[in-house]
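Note sheet for the following structure.
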Amino acid sequence: MPELPEVETVRRGLEPALVGARFARVTLRRPNLRFPFPERFAERLEGRTVTDLSRRAKYLTAGLDSGETLIMHLGMSGRFDVALPDGRNLSPGDFYLEGALGVPKHDHVVMAMGTGATVTYNDVRRFGFMDLVPTGDLAACRHFAGMGIEPLSAALTGEAIARLFRHKITPLKSALLDQRLIAGLGNIYVCEALHRAGLHPETPAGVLARTDGRPTPKAKLLARVIGQVLTEAVAAGGSTLRDYTHTDGTAGAFQHAFRVYDRTGAACTRPGCGGTVARIVQSGRSTFYCAACQPGAGRIPAR
């Protein structure tokens, strides 16, 4: 599933084609994706102009001049193709790393814009979805109610981590993946951030808060490296694993900078470490870490 950097990369790719443009015609080629489309979905989009395109966690949100917001989620394999008025198609359709999944039979939503551009949503697995909600109700809608803080915002600080994790005995990796606490973090970037912070993924989350609730130095470091990892990944265009690519069909490059993710048995990249990347399974997901510089659960090194 695309994680936050990949979704942010898609947002940036879609922005020039959508923001300020009017939906001239919207064609639905099936009645549903993961969920049924909202009532009169195409009719409510047609004639409306996109005022802004934002991201909330792993969701895309397009504000409309009608006072509604279009919510889009890519699911496991969703992608957008952008065809320009001059005939250029920004997504070739045969770029997927595991087969040509972008074939036309999986084009489920076709949005013809007033500018002449065409934005097509393609989803082979149909785990993505689209919804329309009143813009004023966006924060409280069923998709975002109870969602945690944005990891790329100023809200993610050591103090915030200490407050959110205080008294929690759940493993640190599980706490970071809890979307009710921090929204948008996924398996890849949590593994990478924990390695940079020198924290074992099975460490009880609560150890990052002092007894009085103040953050430990490691809590502050973790907040900082989460931002660094995500920012670097966005700059690299995300990570291409299985189905994800940009709107122009090119692959993200951050997977070439992985320090631990999917590197079982490889040497740790931390200078002077000498350790080896190991893999464990947590809640059915692979976790990658270095046992040498990410000491066992509950042990927090001074550095």
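Residues that are more than 23 Å from His73 (Cβ to Cβ) and of a type in the set (Ser, Thr, Tyr) are absent from the stretch 176-190 altogether. For the stretch 126-147, the set of residues classified as closer than 18 Å to Leu74 by Cα and either without any contact (Cβ under 8 Å) to a residue 60 or more places away in the chain or touching a Cys at 6+ places or on another chain (Cβ under 6 Å) (or both) consists of Val133, Arg142, listed by residue number.
The single residue among Pro38, Pro16, Pro2 that is part of a loop (DSSP other than H, G, I, E, B) and more than 22 Å from Leu177 (Cα to Cα) turns out to be Pro38. The set of residues from the stretch 238-278 being small (Gly, Ala, Ser) and either surrounded by 14 or more Cβ atoms within 10 Å (Cβ to Cβ) or modelled with pLDDT under 50 (or both) comprises Gly238, Ser239, Gly249, Ala251, Gly252, Ala253, Ala257, Ala266, Gly275, Ala278. If you go through the stretch 191-226 and pick out every residue that is under 13 Å from Ile161 (Cα atoms) and among the charged types (D, E, K, R), you end up with 5.
Farther than 21 Å from Met147 by Cβ and within 17 Å of the chain's Cα centre (by Cα): is that true of Leu14 in this structure? If you could, list the steps in order and put the result at the bottom.
On the way: farther than 21 Å from Met147 by Cβ: yes; within 17 Å of the chain's Cα centre (by Cα): yes.
So Leu14 passes the test.
Each residue in the stretch 73-110 was checked for being under 23 Å from Glu3 (Cα atoms), modelled with pLDDT of 85 or more and either touching a Pro at 6+ places or on another chain (Cβ under 7 Å) or aliphatic (A, V, I, L, M) (or both), and 4 of them qualify. For the stretch 178-202, the set of residues classified as touching a residue at least 60 places away in the same chain (Cβ under 8 Å) and either within 23 Å of Gly146 (Cα to Cα) or out of contact with any strand residue (DSSP E or B) (no Cβ under 7 Å at 6 or more places or on another chain) (or both) consists of Gln179, Ala183, Gly184, Leu185, Gly186, Asn187, Ile188, Tyr189, Glu192, Arg196, Gly198, Leu199, listed by residue number. Residues of the stretch 18-50 that are of a type in the set (Ser, Thr, Tyr) and either outside the structural domain of Asp107 (by TED's automatic domain parsing) or crowded, with 16+ Cβ neighbours inside 10 Å (or both): Thr49 alone. Assuming Val7 fulfils every condition listed in (1) closer than 20 Å to Phe127 by Cα; (2) in a loop (DSSP other than H, G, I, E, B); (3) at pLDDT below 95 apart from one, which condition is it? All conditions are met except number (2).
Within the stretch 47-61, count every residue that is small (Gly, Ala, Ser) and in a loop (DSSP other than H, G, I, E, B).
From the stretch 47-61, those small (Gly, Ala, Ser) are 47, 54, 57; that's our starting set.
In the following step, the residues that additionally are in a loop (DSSP other than H, G, I, E, B) were identified as 47, 57.
So the count comes out to 2.
Inside the stretch 268-294, residues that are touching a Phe, Trp or Tyr at 6+ places or on another chain (Cβ under 7 Å) and assigned to a loop (DSSP other than H, G, I, E, B) make up a count of 0.
The values are calculated or read from the model by the stated rules, or taken from the named source; none is laboratory data. This one's a predicted model, so the numbers in the text were calculated from it and none came from an experiment. Positions of Cβ are generated from backbone atoms using ideal geometry, with glycine treated the same way; all protein chains shown enter the neighbour counts.
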